[in-house]
Amino acid sequence: MKKLAIILICLGLVITFTSQAMAKNEKEATCTTIQSGEILNSNGDIIETGYDEWGYNYQALMFNGYYCDSYRDAAWCQDYKEDNLMMKWNDAWLSNKDCDGNKLLDRHFGFDTYIGSGAWLTNHISGTYDGGEGEVCRWNYFVKIVAAPADAYVESGVWYTADDIEIGEVIWGEFAIIQQLDNDSCAGLHGATYISPTGPGFGKF
């Protein structure tokens, strides 16, 4: 009888896990992928796999190119035209699927806003400038940004956890900066300028 009970429990677990897997696969099956050729970018152009003309690789969840190209060479950022930018993000920030049927890549799917979604983004910017007397100064800046958790609160421009631990400076309203690195060969900058007391890793929220 004991063996039979164990077998029945195991069988029940297998059925449960199988049902969950089938439900997940069914949900995934309703999502449109980039490979379908049906998903559009914000300009209404069809998104394809690989890098586009601006440096976005939506399938790989990254951008690699010039800073201004990330804004499609907007007039306001021409002073930074020669600076390099690499961005990486997760599905919650910008997915490589359309699961809500609007023909666009999903943002914070399943959430009304980015708050509590677990979204994150990294920016790595680098460039050079004339330091005078022919000196070329090299600089780079790296930042990690996360969506604030649902139970977080803002005080004096800083996000805090529900138990009053500092997350980081508010940026774009719903996000917090959790790490900044600043290096400049001429300005004497090297290393971290900010690390969140909650830690610089992703997945906490």
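The values are calculated or read from the model by the stated rules, or taken from the named source; none is laboratory data. Keep in mind that this is a model prediction, so the values were computed, not measured. Counting neighbours? That spans all protein chains shown, and the Cβs are built from the backbone with ideal geometry, glycine included.
Residue-by-condition table, conditions (1) out of contact with any Pro (no Cβ under 6 Å at 6 or more places or on another chain); (2) closer than 30 Å to residue 130 by Cα; (3) not polar (S, T, N, Q):
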{"site": "44", "(1), (2), (3)": "yes, no, yes"}
{"site": "48", "(1), (2), (3)": "yes, no, yes"}
{"site": "66", "(1), (2), (3)": "yes, yes, yes"}
{"site": "78", "(1), (2), (3)": "yes, yes, no"}
{"site": "84", "(1), (2), (3)": "yes, yes, no"}
Original post:
Is there a residue in the range 172-191 that is under 30 Å from residue 131 (Cβ atoms), among the polar types (S, T, N, Q) and free of Cβ contacts under 8 Å to residues at least 40 places away in the same chain?
Top reply: yes
Original post:
Residue check: is residue 83 surrounded by fewer than 17 Cβ atoms within 10 Å (Cβ to Cβ) and at negative phi?
Top reply: no
Original post:
Of the residues that sit in the range 59-80 and are part of a loop (DSSP other than H, G, I, E, B) and under 12 Å from the mean Cα position of the chain (by Cα), which one is surrounded by the fewest Cβ atoms within 10 Å (Cβ to Cβ)?
Top reply: 60
Original post:
Here are 117, 126: which of them is in a loop (DSSP other than H, G, I, E, B) and either surrounded by 13 or more Cβ atoms within 10 Å (Cβ to Cβ) or touching a helix residue (DSSP H, G or I) at 6+ places or on another chain (Cβ under 8 Å) (or both)?
Top reply: 117
**OP:** Return yes when residue 147 is in contact (Cβ under 8 Å) with a residue 40 or more places away in the chain, under 25 Å from residue 63 (Cβ atoms) and of a type in the set (A, V, I, L, M, F, W, C) and no when it is not.
**Re:** yes
**OP:** Take the residues in the range 190-199 that are among the polar types (S, T, N, Q) and assigned to a loop (DSSP other than H, G, I, E, B), then tell me which one is surrounded by the most Cβ atoms within 10 Å (Cβ to Cβ).
**Re:** 196
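Yes/no matrix, rows are residues, columns are (1) modelled with pLDDT under 95; (2) over 24 Å from the mean Cα position of the chain (by Cα); (3) under 25 Å from residue 139 (Cβ atoms):
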{"residue": "1", "(1), (2), (3)": "yes, yes, no"}
{"residue": "7", "(1), (2), (3)": "yes, yes, no"}
{"residue": "31", "(1), (2), (3)": "no, no, no"}
{"residue": "37", "(1), (2), (3)": "no, no, no"}
{"residue": "42", "(1), (2), (3)": "yes, no, no"}
{"residue": "49", "(1), (2), (3)": "no, no, no"}
Subject >> Any hit, the range 99-120, residues being under 18 Å from the mean Cα position of the chain (by Cα) and within 20 Å of residue 181 (Cβ to Cβ) >> reply: yes
**OP:** List the number of the failed condition for residue 137; all other conditions in (1) farther than 26 Å from residue 79 by Cα; (2) assigned to a strand (DSSP E or B); (3) of a type outside the set (S, T, N, Q) hold.
**Re:** (1)
**OP:** Test each condition in (1) more than 25 Å from residue 33 (Cα to Cα); (2) part of a strand (DSSP E or B) for residue 202 and report the one that comes out false.
**Re:** (2)
Original post:
Consider residue 88 against the criteria (1) outside any strand (DSSP E or B); (2) modelled with pLDDT of 95 or more: it satisfies all of them except one. Which criterion is unmet?
Top reply: (1)
